[in-house]
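*Asks:* One structure, as structure tokens, below. Some questions next.
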Amino acid sequence: MRRRTFLTTAAIGMVGAALPAAARSKFRAYAGPEITQIVVHKAKRRMYLVSGTNVVKHYRIALGGNPVGPKRFEGDGKTPEGLYYIDRQNPDSTFHLSLGISYPNEEDVARAEAEGKLPGSDIFIHGRARKNRGRGRDWTAGCIAVKDREMEMIYAMVRIGTPIFILP
């Protein structure tokens, strides 16, 4: 009986490994420490997933196509700066998987309106859709992008309500 179970398990494992990347699930499991905050350093192009005071994982990132300075209005190509929260998950994102960032907040709306503009919306942490590869270091419309495989783990690790500090 043990031999049959072993052979069945081994066969399933080999079939899974032989599947093309597109056929494997993009949803991962995570059993590590709770991620209590995300810290993004725009100038360093780094994002850190933190549990308490410990960095659990860090990633190289791409930003909006005009990354220097905080986002002021829709279409400026900038990634926001400040304290926000993860406010939604999108398993059907055009960019593989994505986590929504609570931009704009009340201050962002007021700042944009004072300039007679809209603040913009739909800022996410997301993967890189195949069609966007090769468009340069910073290519998003203001989002934070990582590799698809990295986004799979981030999606599993980060919960709605997690604070995200986006620093210059």
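Bear in mind these aren't lab numbers, they're just calculated from the coordinates by the rules spelled out. As the structure is a computational prediction, the values presented were derived from the model and not from experiment. As a convention, Cβ positions derive from the backbone with ideal geometry for all residues, glycine included, and neighbour counts pool all protein chains shown.
*Asks:* 5 Å is the cut-off here: which amide hydrogens, built 1.01 Å from N in the peptide plane, fall below it relative to Asp87, excluding neighbours closer than 5 in sequence?
*Replies:* Amide H neighbours of Asp87: Gly100, Ile101, Ser102, Gly161.
*Asks:* Still on this structure: Can you tell me the dipole magnitude for segment 46-105 around its Cα centre, using point charges on the Cβ only (Lys, Arg +1; Asp, Glu -1), in Debye to the nearest 20?
*Replies:* Once rounded to the nearest 20, the dipole reads 240 debye.
*Asks:* Moving on to the next point. Over the Cα atoms of segment 84-168, what is the Rg over Rh ratio if Rh follows Kirkwood? Numbers along the way, then the final one.
*Replies:* Details: Rg = 13.7 Å, Rh = 13.7 Å.
Computed over Cα atoms, the ratio is 1.00.
*Asks:* Translational diffusion coefficient, Stokes-Einstein: compute it for segment 52-96 using the Kirkwood radius over C-alpha pairs as Rh, at 10 °C and 1.306 mPa s, and state it as an integer in µm² s⁻¹.
*Replies:* Result for D is 119 µm²/s.
*Asks:* Using θ = phi - 60° and the Karplus form 6.51 cos²θ - 1.76 cosθ + 1.60, what ³J(HN,Hα) does each residue of segment 148-159 get, whole Hz, x for Gly and Pro?
*Replies:* 4, 4, 5, 4, 4, 6, 4, 4, 6, 7, 9, 9
*Asks:* Please state the charge dipole magnitude for segment 27-167, taken about the Cα centre, from unit charges on C-beta atoms (+1 on K and R, -1 on D and E), reported in debye and rounded to the nearest 20.
*Replies:* That gives a dipole near 860 debye.
*Asks:* Taking a 26 Å limit on the Cα-Cα distance, which of the listed pairs Lys44/Lys78; Lys26/Lys117; Lys44/Lys71; Lys42/Lys147; Lys44/Lys117 fall beyond it?
*Replies:* Details: Lys44/Lys78 15 Å; Lys26/Lys117 37 Å; Lys44/Lys71 17 Å; Lys42/Lys147 17 Å; Lys44/Lys117 29 Å.
Table pairs above 26 Å Cα-Cα are Lys26/Lys117; Lys44/Lys117.
*Asks:* Continuing with the same structure: Provide the gained length on full extension for the span Asp122 to Val68, in nm with one decimal, where the gain is 0.36 nm per separating residue minus the Cα-Cα distance.
*Replies:* 17.5 nm
*Asks:* Still on this structure, I have one more. With bins 10 Å wide starting at 0, give me the P(r) of segment 27-167 over every alpha carbon pair, in whole percents.
*Replies:* Going from the shortest bin to the longest, the percentages are 13, 45, 34, 8, 0.
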